[in-house]
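The values are calculated or read from the model by the stated rules, or taken from the named source; none is laboratory data. Note that the structure is predicted; figures quoted are calculated from it, not measured. A quick note on method: Cβ atoms are made from the backbone with ideal geometry, for glycine too, and the neighbour counts reach across all protein chains shown. Accessible surface areas use protein heavy atoms only, side chains included; no ligands, DNA or RNA. Shrake-Rupley method; radii C 1.70, N 1.55, O 1.52, S 1.80 Å.
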Amino acid sequence: MRHPRILVFSGSIRGGSYNTQLAAFVAKQLVLADADVTRISLADYPMPLYDGDQEREKGAPESAHKLKRLMQEHQGVFIACPEYNTAITPLLKNTLDWLSRLNDPGEPAAAAFKGRIFAIGAASTGALGGIRGLIGTRTILEVGLGAFLIPEMVMVPNAADAFDDKGDLRNERSMASLDAMVKRFLSETRARA
Amino acid sequence: MAHPRILVFSGSARTGSHNARLASLVGQRLGENGAEVSSISLRDFPMPLYDGDLENSEGVPENAVALKRLIQQHHGVFIASPEYNAGVTPLLKNVIDWISRVSEPSEPRMAAYKGRVFALGSASTSPFGGIRGLANLRLVLETGVGALVIPEMIAVPNAADAFDPSGGLANERAAASLSAMIRALIAEASLRMSKAA
Ligand SMILES: Cc1cc2nc3c(=O)[nH]c(=O)nc-3n(C[C@H](O)[C@H](O)[C@H](O)COP(=O)(O)O)c2cc1C
Ligand SMILES: Cc1cc2nc3c(=O)[nH]c(=O)nc-3n(C[C@H](O)[C@H](O)[C@H](O)COP(=O)(O)O)c2cc1C
């Protein structure tokens, strides 16, 4: 059986980020299920704030091209999405918007988002676990970018106490939602491997 | 009669921005209807992408503090917000998020968003006029930062052909919703004149 290739990253680059911890834990669960996982940090793909003038003069940043190609080498992409003021972070939105501008000749618009399956989750210090940000991010990915997204999402509320020393999730409900997400994500990525 | 002060800006800083044109049209109409209008460009308030580590080590950027104070000198704020991929532009979300982190010790959290009224519009090259981006922005302002946002909005579809040579809106329906929004924003901003400095 072929192992599905899955790219995992977090929408936060801050040291100690709970979403990066969530990304790490999702990656671990996927590896345990025999997926071939690539973990990256958006800190290694810096991009200036999107600006149409800059795009016209200099094109998209090299990091956007690199990340697009990397996504295209994977059958699945998991993104841990912090919620800022009920919505996506500027960092993540900026990255998605730059990527949306890239397609090689012969490719559809926003090519990085086509032909693969996406899953999202969130960790938040609030009690709602970032659900409002996830809903908005679904609209951006599905309606804005034409990406295919599995319905299952993992949410980690009260994130400061959510992970144990090994980085595993303590909360049973979060763990159950994570299991359901991983299960569906694996079957969808395997079907594309 | 005293004149409510209204701040107007666009969520796009690009040359030839349709949203900047919309912002300038709204500014003009507000002025004609008795408001005292300040128009700014976010290009003059550059801020790095929000990052919690940066905030910890260096604090909030000066431009976020400056823009927060400027907002507080107004009774109303109009934002022309482009739609990118069914959401808000990174430029605008970044500005909103940074400003949400600024308040003086004597002030409530997210002080810039309290005590004044907001109105939203969008110009888009698509036939939908950016309405999905506006819905997202409304959620951010209302639920995220606790701002009061009037229900009247102005969405300008097919923006490349939407403005007549004098800068007005060619489409009658768009022109009518613009007038309704201007009236409501001025009325609501006027109600707050005793509150803001
Ligand atoms: C600008 C800003 C806005 C925030 N808004 C929300 C919010 O709307 N809902 C929420 O649950 N948490 C909110 N938070 C708290 C985050 O959930 C918390 O900072 C979390 O740790 C961020 O993710 P990270 O640890 O991966 O960086 C906000 C944080 C920041 C910095
Ligand atoms: C990254 C990007 C994403 C876009 N996504 C959308 C969209 O989802 N819906 C839409 O109506 N227009 C979309 N557009 C087109 C914008 O409406 C158009 O570029 C508009 O002119 C932007 O506003 P501005 O002229 O004020 O800069 C997008 C443009 C860019 C650059």
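If you check B:I6, B:I71, B:I40 for being within 16 Å of ligand 2 (Cβ to nearest atom) and among the aliphatic types (A, V, I, L, M), only one passes: B:I40. Would the stretch A:48-61 turn up any residue that is farther than 27 Å from B:I96 by Cα, open to solvent by less than 20 Å² (accessible area, probe 1.4 Å) and not hydroxyl-bearing (S, T, Y)? Checking the stretch A:48-61: not a single residue is farther than 27 Å from B:I96 by Cα, open to solvent by less than 20 Å² (accessible area, probe 1.4 Å) and not hydroxyl-bearing (S, T, Y). Being among the polar types (S, T, N, Q) and either touching a residue at least 60 places away in the same chain (Cβ under 8 Å) or open to solvent by less than 20 Å² (accessible area, probe 1.4 Å) (or both) is the filter here, so list the residues in the stretch A:101-131 that pass it. Selection gives A:S124, A:T125.
Residue check: B:Y50 meets all listed conditions (1) touching a Phe, Trp or Tyr at 6+ places or on another chain (Cβ under 8 Å); (2) more than 16 Å from ligand 1 (Cβ to nearest atom) but one, namely (2). Specify which of the listed residues (A:R173, A:R138) is out of contact with any helix residue (DSSP H, G or I) (no Cβ under 9 Å at 6 or more places or on another chain) and either at pLDDT below 95 or part of a strand (DSSP E or B) (or both). When all the criteria are applied, what remains is A:R173.
State the number of residues belonging to the stretch B:78-98 that are surrounded by fewer than 24 Cβ atoms within 10 Å (Cβ to Cβ) and more than 9 Å from chain A (Cβ to nearest Cβ). Here the count works out to 0.
Out of B:L54, B:L49, which single residue is in contact with a helix residue (DSSP H, G or I) (Cβ under 6 Å, 6 or more places away or on another chain), more than 12 Å from ligand 2 (Cβ to nearest atom) and within 14 Å of chain A (Cβ to nearest Cβ)?
On the way: B:L54 fails: in contact with a helix residue (DSSP H, G or I) (Cβ under 6 Å, 6 or more places away or on another chain).
When all the criteria are applied, what remains is B:L49.
Specify the residue that is surrounded by the fewest Cβ atoms within 10 Å (Cβ to Cβ); the eligible residues are those in the stretch A:141-163 that are not aliphatic (A, V, I, L, M) and not in a loop (DSSP other than H, G, I, E, B).
Just the residues of the stretch A:141-163 that are not aliphatic (A, V, I, L, M), to begin with: A:142, A:144, A:146, A:148, A:151-152, A:157-158, A:161, A:163.
Still in the list and also not in a loop (DSSP other than H, G, I, E, B): A:142, A:144, A:148, A:161, A:163.
Details: A:E142: 15, A:G144: 24, A:F148: 14, A:D161: 10, A:F163: 20.
Ranking the candidates gives A:D161 first.
Taking the conditions (1) more than 16 Å from ligand 2 (Cβ to nearest atom); (2) touching a residue at least 40 places away in the same chain (Cβ under 8 Å) in turn, A:D34 satisfies each one other than (2). Would it be correct to say that A:T89 is crowded, with 22+ Cβ neighbours inside 10 Å, within 13 Å of chain B (Cβ to nearest Cβ), closer than 16 Å to B:G133 by Cα and not charged (D, E, K, R)? So A:T89 passes the test.
None of B:G11, B:G16, B:G27 is more than 14 Å from chain A (Cβ to nearest Cβ) and either within 16 Å of ligand 2 (Cβ to nearest atom) or of a type in the set (A, V, I, L, M) (or both) except B:G27. Just one of (1) in contact (Cβ under 8 Å) with a residue 60 or more places away in the chain; (2) within 14 Å of chain B (Cβ to nearest Cβ) fails for A:E83. It is (1).
In the condition set (1) in contact with a strand residue (DSSP E or B) (Cβ under 8 Å, 6 or more places away or on another chain); (2) within 17 Å of A:R14 (Cα to Cα); (3) of a type in the set (A, V, I, L, M, F, W, C), A:V77 is compliant with all but (2).
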